[in-house]
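Here's the structure, in structure tokens; my notes come after.
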Amino acid sequence: MRKVYSKIETIAGNVISVKATDVQYGELARVSTAYGDTLAEVIKLDGELVSMQVFAGGRGISTGDEVRFLGNPMRVSFSDSLQGRIFDGSGKPRDNGPELTDNLITIGGPSVNPAKRIIPRNMIRTGIPMIDLFNTLVESQKLPIFSVSGEPYNQLLSRIAMQAEVDLIILGGMGLKYDDYLFFKEELENGGAMSRTIMFVHTASDPVVESLMVPDISLAVAEKFALQGKKVLVLLTDMTNFADAMKEIAITQEQVPSNRGYPGDLYSQLASRYEKAVDFEGSGSITILGVTTMPGDDVTHPVPDNTGYITEGQYYLKNGRIEPFGSLSRLKQQVNDKTRDDHRAIMDGMIKLYAAYKSSLEKKSMGFNMSAWDEKLLKYGSQFEKGMMDLSVNIPLEKALDLGWEIMASCFEKDETGLKTDLINRYWPKGK
Amino acid sequence: MKSVGKIIGVNGNMVTVQVAGTISMNEVGYILVDDKKLKSEVIRILGDSCQMQVFEMTKGIKVGDEVEFTKELLAVELGPGLLKQVYDGLQNPLPELAEAAGFFLERGIYLKALDRDVLWDFTPIANVGDTVAKADKLGTVPEGPFTHEIMVPFNLLKNYKVKEIKPAGQYKVDDVVARLEDEKGNTIDVKMYFEWPVKRAIDCYSERLKPTKPMVTKVRLVDTFLPVALGGTYCIPGPFGAGKTVLQQVTSKNAEVDIVIIAACGERAGEVVETLKEFPELIDPKTGNSLMERTVIICNTSSMPVASREASVYTAVTIAEYYRQMGLNILLLADSTSRWAQAMREMSGRLEEIPGEEAFPAYLESVIAGFYERAGIVKLKDGREGSVTIGGTVSPAGGNFEEPVTQATLKVVGAFHGLSRERSDARKYPAIDPMDSWSKYPSVLNIDAVQYARKILFRGSEIEAMMKVVGEEGTALEDYVIYLKSDFLDAVYLQQNSFDPVDAAVIVERQRHVFSHIVDIMGAEFSFDSKNEARTFFNGLRQAFIDFNGVEWQSTEFFSKEKVLVDTLNKKKVSLDSFAAELLKAGV
Ligand SMILES: Nc1ncnc2c1ncn2[C@@H]1O[C@H](COP(=O)(O)OP(=O)(O)O)[C@@H](O)[C@H]1O
Ligand SMILES: [Mg+2]
């Protein structure tokens, strides 16, 4: 029987400490409070003093509450019966189903040996031209949606999830608004996808610390399913809430912040989660689609900034559209040479022209005369926005490519496009 | 006597240890957890306790766990068999680790860096009775396309007599191939490999030379306008997605050097995999062998332990210096040095050191300077030259170059290739900002011709900025043509598609050839009636040039596209500026 400690030495924010021996770094403890039991995780050992972050938070904890160490790190049950179920951030059922306790697996395990990775090769089709044509999503990619709050990012997330051909969807929610939680549930149920979905949802009203577990739990489960051959899509929304929870703990711990209060290891912490995206040779895969809201629409804010350095691109959602600038799929070149031979040229060429359109627009807004060339660009820009950028457009890649040629032919002469002559000869719409 | 200790504290990847016996700074120790040993390094000593950074995940460590010290500093093995390898930051071979442990990097498994079973064809050079000192050649073994020299270990600091040397034959790295005797009569066995502490620069040369010979990258913008020299240093700062990694990847493929060391430091594992899978298939035009034969990959990506990330750049540069001793030119590419700096920051924070700007440690600048100082072109003791060139990417927070790592780096490097978000957003690759970037090294082309083109580039961008204020209508036709010329130069020469099979790599000969057309166009005088006519003309010319760039050097198509280009130009060209004519006569 494990020893019970009944004297809490310090309580600061969500971190408590007790004097104890024989405790492992990263071990879990159960704290019994007047409001019920909560888990806590060991985050520092200093001689006899053991510091823990308390999942339910420090509020209401008494120095006389009992702490019992469990002898193991955070674990989650793994089996097929997870499918269709909904849990909270500490792994407890949120639906009315039974608690699962069999086959416990440790979360936050080691990373994949780079030598065992393979080059991603399968395109994930979404029917959204700004994705399929310009920034193709690839199986095993890790890619967040960068968004200002108020944009329909969760709608976009669920739309991609429903359209993608995957075996299993795992939704990890952090600080999710209750409405959004219900939205996902409804969408997945209506789309008939709930039976192949697992949800680990921490809502905005749950204790902050619990959100810290969500990515690790979701990804540990995803990893096991992927090793069994399943194509798993993990949705993590919103990773900014996750980072903010880390910031809170770091400040409580009096760590020296590196940038706007965030801890110096923010990059490594985010990376260890996102790098779980993988394609296992001869087995399944994990694709991670996240949401990173940008406080104040500022891409240089530490959370989107560090995320951008880690993930394989980002979709930049603004004014209800995926912006061509700022959006990027770093894996697109792994697949877009196997789609159609004009794919790459259209992708680059149309964006270059769109950039030129933007500067004509700027000139116009400053009241300058529009040259013939400017007029062409203005026409092009509005057609591009309507045909390609509008999120209501839902067409396959090939149709989007054809549309690209149509738009260019209706606005420009051939040699104004900057495309190679040989492609123009083959694809330029007849009679233009 | 090796010392032992007991854990008294754990904080992230740092542990505090109560020590019995003597230890030294940067000594390696192992923490005993369950049935595993976790490698760690002493980073601070306080009385009879010390702090160690752990090169593994620290989960499960308890107060009271035992620590065994080794009396050795963090070191790498140097000997034949380094080429083609893929190591983690501590020189663990990752493919072998995968064989031993499967998909995941299980902690506490350490394998030999050099394969102990491979037989190497040894040819002795030294003779019995010879006097030798550190780095002198004892013999050679062929390693891929190179003659790998078996040298007197660099940590043997005196003069020695060769007592015994093995005859030509096949030996393993662990076999003793020579026996040396020092002045006091002690004998020293020399194997085909030895260890060297990574944080100490190898300095077995007679003099350091000034880097002046070009290190050709086959990126036009770099070689022509912002060159790098053999033995020089350069940095590539840029916001995320601007193209740092792609630029390094194409350089690692195409650079005209003997050996490339890739240090994938704290960034995406997937990017290393591309290199890993691609290089064995690609042919090095210089040797006809696969590119992998000239490559070493040090891979400590973002989710691998932070402390070994800190070590990884030193592991890489030590291997580079080792091959430099054989008279070879080595290119070390580190992506990203910011992750290395952040690893230092994480550790400094745990040590509760007084933080500097953005919480980086106060010694950041000197450590960065010290790292780049390990580059250089040197004259070896036997008169040959060898070089280590270092190129590092920098990932500044928020893409703002006014931050400590970029600033500290800019102080010490010889060339600055700053990537701009504006250019990458507009898909103008490589997105090196041609205005802000600089190089202190000589161009591969005639400097006067390069300056001539650069002037037009600058003038054109001034006019462009001006046009934003006064509008196209307020710009003189003459100025407008200069703007079009500079935009043209940007589109057809500075921009280069890394994913185009032909355009991706342009040899110097072709750069020179193409650049004479550029000078011809930059110096051409036209008589346009309107801006519209001028723009239409340049659109057509650009089209012709891009087609020309896309065809194989000196193929039949090359000549036909070249003719189209020249014909297009001559339709509107009235005369040539006399300075440009001079340049063309002298040759670019
Ligand atoms: N030279 C280039 N040619 C074509 N595309 C490029 C080039 N450089 C970068 N890109 C595009 O930009 C993406 C991001 O480039 P990358 O080098 O990974 O950026 P960084 O390392 O600066 O974050 C690539 O995946 C590719 O799509
Ligand atoms: Mg990169």
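Rank B:405, A:241, B:13 by how far each Cα sits towards the positive end of the charge dipole of the protein assembly as shown (+1 on Lys, Arg Cβ; -1 on Asp, Glu Cβ) and give me just the farthest. Most positive-ward Cα: B:405. When DSSP beta bridges are limited to those with both residues in the protein assembly as shown, what percentage is antiparallel, rounded to the nearest 5? Counting DSSP beta bridges with both partners in the protein assembly as shown, the antiparallel share is about 70 percent. Here the spin labels are modelled as points 7 Å beyond Cα on the Cα-Cβ line, and at residue B:206 and residue B:290 they lie 4.0 nm apart. Between the range B:215-256 and the range A:21-45, how far is it from one alpha carbon centroid to the other, in angstrom? The range B:215-256 and the range A:21-45 have Cα centres spaced 51 Å from each other. Note on exposure: B:240, B:499 ranked by accessible area (1.4 Å probe, complete protein assembly) read B:499, B:240, with the most exposed listed first.
Placing unit charges on the Cβ atoms only, positive for Lys and Arg and negative for Asp and Glu, gives the range B:1-101 a dipole magnitude near 220 debye about its Cα centre.
Helical content of chain A, expressed as a calculated mean residue ellipticity at 222 nm, amounts to -9500 deg cm²/dmol (DSSP H runs of 4 or more residues, -39,500 (n - 2.57) each, divided by residue number, nearest 500). Need one value for A:345-351: mean number of C-beta atoms belonging to other chains within 10 Å of its residues' C-beta atoms. Averaged over the peptide's residues, the number is 2. Note on the range A:77-333: dipole from Cβ charges, positive end direction compared against A:229, A:115, A:182; the farthest Cα belongs to A:115. Could you tell me which of the pairs B:137/B:379; B:36/B:71; B:137/B:163; B:37/B:134; A:364/B:485; A:338/A:420 are separated by over 22 angstrom between their Cα atoms in the structure shown? The answer is B:37/B:134; A:364/B:485. Only protein heavy atoms count here; under a 1.4 Å probe, residue B:529 has an accessible surface of about 140 Å².
Spin-label model, residue B:373/residue A:391: points 7 Å from Cα along the beta carbon direction are separated by 5.4 nm. Using Cβ point charges alone (K and R +1, D and E -1), the dipole size of the range A:148-268 about the Cα centre works out to roughly 300 debye. For the residues of B:300-307, the average number of beta carbons from a partner chain within 10 Å of their own beta carbon is 6.
Peptide B:103-110 shows a mean partner chain C-beta count of 4 within 10 Å per residue C-beta. Rounded, prolate or oblate for the range A:343-427? Axes are the square roots of the Cα gyration tensor eigenvalues, ordered a ≥ b ≥ c, and the cut-off for rounded is a/c under 1.5. Since a/c reaches 1.5 but b/c is at least a/b, the shape of the range A:343-427 is classed as oblate. Sort the protein assembly as shown into rounded, prolate or oblate with this rule: let a ≥ b ≥ c be the square roots of the eigenvalues of the Cα gyration tensor; rounded if a/c is under 1.5, and if a/c is not under 1.5, prolate when a/b is larger than b/c, oblate otherwise. Judged from the Cα gyration tensor, the protein assembly as shown comes out oblate (a/c at least 1.5, b/c at or above a/b).
Separation of the range B:1-31 and the range A:50-125, taken as the distance between their Cα centroids, equals 32 angstrom. The label-point distance for residue B:500 and residue B:189, in a model that sets each label 7 Å from Cα toward Cβ, rounds to 6.0 nm.
Taking a ≥ b ≥ c as the square roots of the eigenvalues of the Cα gyration tensor, the range A:77-333 is classed as rounded, since a/c falls below 1.5. Within straight-line reach of residue A:177, meaning a Cα separation under 27 Å, sit the following lysines at least 8 residues removed in sequence or on another chain: A:92, A:142, A:185, A:247, A:276, A:318. Which one, A:104, A:146, A:56, is farthest towards the positive end of the dipole of chain A when Lys and Arg carry +1 and Asp and Glu -1 on their Cβ? Farthest towards the positive end: A:146. Within the range A:354-391, what residues put their amide N at less than 13 Å from the label point 7 Å along the Cα-to-Cβ vector of residue A:428? Once the point is set 7 Å along Cα→Cβ of residue A:428, nothing inside the range A:354-391 turns out to lie under 13 Å by backbone N. Under the convention that each Lys and Arg Cβ holds +1 and each Asp and Glu Cβ holds -1, the size of the dipole of the range B:394-504 around its Cα centre is about 400 debye. When only alpha carbons are used to place a centre, the range B:112-163 and the range A:228-262 end up 51 Å from one another.
The values are calculated or read from the model by the stated rules, or taken from the named source; none is laboratory data. Since we're looking at a predicted model, the values are computed, not measured. All Cβ positions, glycine included, derive from the backbone under ideal geometry; neighbour counts span all protein chains shown. These accessible areas exclude ligands, DNA and RNA; they are computed on the full protein's heavy atoms, side chains included. Shrake-Rupley method; radii C 1.70, N 1.55, O 1.52, S 1.80 Å.
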